[in-house]
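Worksheet: the structure to be examined is printed underneath.
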Amino acid sequence: MQVLISYHSDYGNTRRMAEAIAAGFRVADASARVELKLVEMTGLDDLTGADVIILGTPVHMGSMAWPVKKLIDETAKLWMEGPLEGKIGGVFATGGGFGGAGGGVEQTLVSLHSNFLEHGMIVVGFPKSLPGYADGGLQWGPCGRSGNHEGMPAALSDGSLTAARSYGAHVAEMAKRLMD
């Protein structure tokens, strides 16, 4: 199974979540080929070559970071031919603005889901029964609070990283079920 975890990171928090998701995926499926790649270095061939695509972004003004949106906009070239149909997708975000998980996190995750669904992908959510959900999860995917009460950058909590690891393992389990 070829897994692509593509992300944009401003202060390293989204990268840390991507690494935790990859670690969880590898624990659940040691034979998977998991590649972490900056979204700025991700091309359409990377997407079409993957069986599982997980996208991560920090929240910028209530939405995904522009490099992530740029990649998504480039996938419009693929939409008519449908090479992403049936692939498994997952999403995660970090947010440092005001609000519980960081202003705009939920909206960002929903938007990423919508883009995957537009391509006919099978999107994996984040069940509340998984470890870390209470500290770093929404039904849409894991999220990490990456700002302090003044809205300035801060480190992720251990709970957010636990959520990311358990989400990676969950996506691996779902992918194995769907691909068998």
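The values are calculated or read from the model by the stated rules, or taken from the named source; none is laboratory data. From a predicted model like this one, the values you see are computed outputs, not experimental measurements. No Cβ is skipped: glycine too gets one built from the backbone with ideal geometry, and neighbour counts run over all protein chains shown.
Filtering region 128-149 to residues that are within 23 Å of residue 178 (Cβ to Cβ) and within 15 Å of the chain's Cα centre (by Cα) leaves 133, 137, 138, 139, 140, 141, 142. Only one of the numbered conditions (1) over 25 Å from residue 87 (Cβ atoms); (2) modelled with pLDDT under 95 is violated by residue 137, and that is (1). The combined condition, being buried (at least 22 other Cβ atoms within 10 Å of the Cβ) and outside any helix (DSSP H, G or I), is not fulfilled by residue 116. The set of residues from region 133-180 being part of a helix (DSSP H, G or I), surrounded by fewer than 22 Cβ atoms within 10 Å (Cβ to Cβ) and of a type in the set (Ser, Thr, Tyr) comprises 133, 162. For region 134-173, residues that are acidic (Asp, Glu) and in contact (Cβ under 8 Å) with a residue 60 or more places away in the chain total 1.
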